[in-house]
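Heads up: the structure comes next, in structure tokens.
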Amino acid sequence: MKTLFAILTLALALSACGQSNPSAPADNRSHGHDHFHSHEGETITLGTATLGDLTVEAFQKDKPRRGQTSYFEIQFRGEVDAARVQAEILGPDGQRVIWLGLHPMAQKGRFGAHAGLPADAPKDLKLRITLKDATPAQAEFAIKE
């Protein structure tokens, strides 16, 4: 009985782990891990930009993984509500390749972003961060191959 209770408690905790970007496709909203650690892999700094009165810094974890999940982290300096943040991957033509699923991380203002990159995703990709109701509202960062 204790084992069943432990399993049900764990299942409830995992189901309560919400996704912060409801507009992202369902396959990119799932993250399958807790929010209290950084993603594994080499951290590659993509740069810093200003969105409204906030500074945002973008990072990628390892090189892009086509046909798998690629991981990014976004750090805001200043107060930001997760509902205001969107992230997407753009191709070299500026067209969206995929929306990223976002989730808040333990560090205030830090978000994890997951992209199920298509196997045929082109080279020269960019990460676009949009902060709703900000001017400027968008920042783009070249993804490093």
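The values are calculated or read from the model by the stated rules, or taken from the named source; none is laboratory data. On a predicted model such as this, the values are computed, not experimentally measured, just so you know. When we count neighbours, we look across all protein chains shown, and the Cβ atoms used for this are built from the backbone with ideal geometry, even at glycine. All accessible areas refer to the heavy atoms of the entire protein, side chains included, with ligands and DNA or RNA removed. Shrake-Rupley method; radii C 1.70, N 1.55, O 1.52, S 1.80 Å.
Below is a table of values for the structure above.
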quantity	calculated
Accessible area per residue in Å² at 1.4 Å probe, computed on region 82-145	46 Å²
Extended-chain gain in nm, criterion 0.36 nm per residue less alpha-carbon gap, THR55 and GLU145	29.9 nm
Nearest-0.05 FRET efficiency for THR69 and THR48, computed from C-beta distance (R0 25 Å)	0.50
Computed FRET value (nearest 0.05) for THR135 with LYS108, which takes r as the C-beta separation and R₀ as 22 Å	0.40
Selection of trypsin sites (Lys or Arg not before Pro), region 66-145, meeting DSSP coil and at most 12 other Cβ within 10 Å	LYS108, LYS123, LYS132, LYS144
Long-range HN-HN contacts of LEU117 with modeled amide H, under 5 Å	GLY67, GLN68, SER70
